[in-house]
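A short reminder: the numbers here are calculations on the coordinates, not readings from a lab. It should be emphasised that the depicted structure is a prediction, and the values quoted were computed from it without experimental measurement. Positions of Cβ are backbone-derived with ideal geometry, glycine not excepted, and every protein chain shown enters the neighbour counts.
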């Protein structure tokens, strides 16, 4: 990340939120794996994860748009 910030500050501004969301995505994935059998927790976690996944997707779409100039992400990249 430091190299990107040094070389292109605009790219860094687009990349940083997406990189942060990768950590959130890992947390969501691990939560589903760890608590898959706990029905009480799973229901609440599913609501949380859905909200987080919307934010993650928006961040990735913003990075894709910055890099390509295109609004939509092709299905093969999703």
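Summary table
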{"read-out": "Spin-label zone in the range 36-78 - amide nitrogen under 17 Å from a point set 7 Å from the Cα of residue 11 along the C-beta vector", "value": "62-70"}
{"read-out": "Length-normalised contact order of the range 8-70 in % [C-alpha pairs under 8 Å, at least 6 apart]", "value": "48 percent"}
{"read-out": "Helix axis angle, 9-34 relative to the chain longest principal axis, alpha carbon, degrees", "value": "20 degrees"}
{"read-out": "Residues residue 57 and residue 35, FRET efficiency given R0 of 25 Å [Cβ-Cβ distance, rounded to 0.05]", "value": "0.65"}
{"read-out": "Using alpha carbons only: equivalent-ellipsoid semi-axes of the chain, gyration tensor based, whole Å", "value": "30, 15, 9"}
{"read-out": "Residue exposure sequence - 33, 22 - by fewest surrounding Cβ within 10 Å", "value": "33, 22"}
